[in-house]
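Some notes on the structure that comes next.
The values are calculated or read from the model by the stated rules, or taken from the named source; none is laboratory data. The structure presented is a predicted model; accordingly, all values stated were derived computationally and were not measured. Cβ coordinates were reconstructed from backbone atoms using ideal geometry, including for glycine residues, and neighbour counts include every protein chain displayed. Protein only, heavy atoms only, side chains kept; ligands, DNA and RNA dropped before computing areas. Shrake-Rupley method; radii C 1.70, N 1.55, O 1.52, S 1.80 Å.
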Amino acid sequence: MGVPLLDLKSQYRELKTELDAAFAEVMENAAFIGGPKVTALEDAIAAYVGTAHSVACGNGTDALFLIMAALGIGKGDEVITTPFTFFATVEAIVHTGATPVFVDIEPGTYNMDVAQVEAAITPRTKTILPVHIFGQCVDMDPLLEIADRHGLIVVEDACQAIGATYKGKKAGSLARAAAFSFFPSKNLGCAGDGGIITTDDEALAAACRTMAQHGTTKKYFHDSFGVNSRLDALQAAILLVKLPHLDAWNDQRRAAAAVYDELLADVAGLELPVVREYGDAVFHLYIVKAADTETAERVMRALNEAGIGTALYYPLALHEQEALAKLPGFQRPFLPVAESCDGRTFALPCYPGITVEQQREVVRVVEETLGA
Ligand SMILES: *Cc1c(COP(=O)(O)O)cnc(C)c1O
């Protein structure tokens, strides 16, 4: 019995009639960029997340860049973030001209260790960029308190966390602005690239929109230099069909995670993900940590041989990447928790529709390999 890491084909089959109809409607109308579908999606996402505004754009990386550029973050500024995230988080910072400053992560949740943020603040710090990694919110209240005290802006990278909550509020509504990605493998994915910004700040939303459209507020009149970052109507149409299913899909991810928690509870030598009591996680990925890299490799090889999907998230923390070493003035910090994850943290299949039988098979292979 093979088990993929994620099963997008069955999701398509589940919604085929509606998705095909939405696709055909956009083709018939031949309005491909912007238009009513994109506006409807912006309204739907803002309502879902609980913000006053949202701005669709080309992808999650652009969403991060547009927010920071619109906030005026640039050369000479520092942005505090986590080294345990997808590279795009840091790329967006660097492309504004600002310098990323890394703080270590918490074991178990793999989220930014908020207790270490204050020590990283310098006179050049402008922004804190927490990432709700693997679909669990960062502990935002103490982070916002620190930011407030130092006059810093907080921006959420919520690309993996659509639908996750923190003290009853949704990821994406917890700080000044947030970035979401609709990359196909995200919890809400389109059929290509897509992204969106959420915020309560009307002026910031307008600035992001201008920035995403070549610095225009009126067609062919340019107040500033922007970029081209737009969401296709086809993608918006697909996302409008999928959004009503998101909560049920996230429930299924949580249920699958609970099954692993139970089945793996007695397996020695494997650290299971920790969920903090302040919110609901949406398990973009279910990550386990092996005792060492050799064990991780052995388990992953056995899973692959059994036809089970797995991958390292992430093989190398960002502060250790070659691209950062080349960044002028970058001093590589020592971040022991993040570095302890290198080559050791990997994903087990955890997606809507996975069956308990499939999960038992995954656990059987893991247990057999570990000799449990
Ligand atoms: C996917 C992702 C991004 C980038 O989103 P794209 O749509 O691929 O550009 C940024 N940050 C995190 C944490 C992500 O998982």
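Per-structure values
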item	result
Pick from the stretch 72-86, criterion within 16 Å of the ligand (Cβ to nearest atom) and open to solvent by less than 30 Å² (accessible area, probe 1.4 Å), ranking: nearest to T210 (Cα to Cα)	V79
Lone qualifier among R230, R253 - being in the same structural domain as G192 (by TED's automatic domain parsing) and either at pLDDT 95 or above or surrounded by 14 or more Cβ atoms within 10 Å (Cβ to Cβ) (or both)	R230
The listed residue being among the charged types (D, E, K, R) and either away from the ligand (no atom under 12 Å from the Cβ) or touching a Phe, Trp or Tyr at 6+ places or on another chain (Cβ under 7 Å) (or both), out of D62, D104	D104
Segments classed as helices (runs of 4 or more DSSP H), wholly inside the stretch 201-265, with at least 3 members that are farther than 30 Å from E14 by Cα and among the hydrophobic types (A, V, I, L, M, F, W, C)	202-212
Subset tally (residues that are of a type outside the set (V, I, T) and within 12 Å of the ligand (Cβ to nearest atom)) for the stretch 107-131	5
Any chance Y351 is of a type in the set (F, W, Y), in contact (Cβ under 8 Å) with a residue 40 or more places away in the chain and open to solvent by 20 Å² or more (accessible area, probe 1.4 Å)	no
Any hit, the stretch 98-106, residues being open to solvent by 10 Å² or more (accessible area, probe 1.4 Å), touching a residue at least 12 places away in the same chain (Cβ under 8 Å) and over 15 Å from P336 (Cα atoms)	yes
Residue check for L129: aliphatic (A, V, I, L, M), assigned by TED's automatic domain parsing to the domain that holds F182 and more than 24 Å from E42 (Cβ to Cβ)	no
Criterion violated by S10 - all others in (1) at pLDDT below 95; (2) open to solvent by 50 Å² or more (accessible area, probe 1.4 Å) satisfied	(2)
Residues of the stretch 87-97 that turn out to be farther than 19 Å from L204 by Cα and either touching a His at 6+ places or on another chain (Cβ under 9 Å) or surrounded by 19 or more Cβ atoms within 10 Å (Cβ to Cβ) (or both), as a count	3
Number of positions in the stretch 157-192 that are within 10 Å of the ligand (Cβ to nearest atom) and buried (at least 22 other Cβ atoms within 10 Å of the Cβ)	10
Scope the stretch 64-121; condition farther than 23 Å from Y166 by Cβ and among the hydroxyl-bearing types (S, T, Y); matching residues	T96, T99
Among (1) within 14 Å of the ligand (Cβ to nearest atom); (2) out of contact with any Pro (no Cβ under 7 Å at 6 or more places or on another chain) - the single one V138 does not satisfy	(2)
Exclusive hit being farther than 16 Å from L5 by Cα, out of contact with any Ser or Thr (no Cβ under 6 Å at 6 or more places or on another chain) and open to solvent by less than 60 Å² (accessible area, probe 1.4 Å), set A311, A325, A317, A268	A317
Within the stretch 4-26, tally of residues that are aliphatic (A, V, I, L, M) and free of Cβ contacts under 8 Å to residues at least 12 places away in the same chain	2
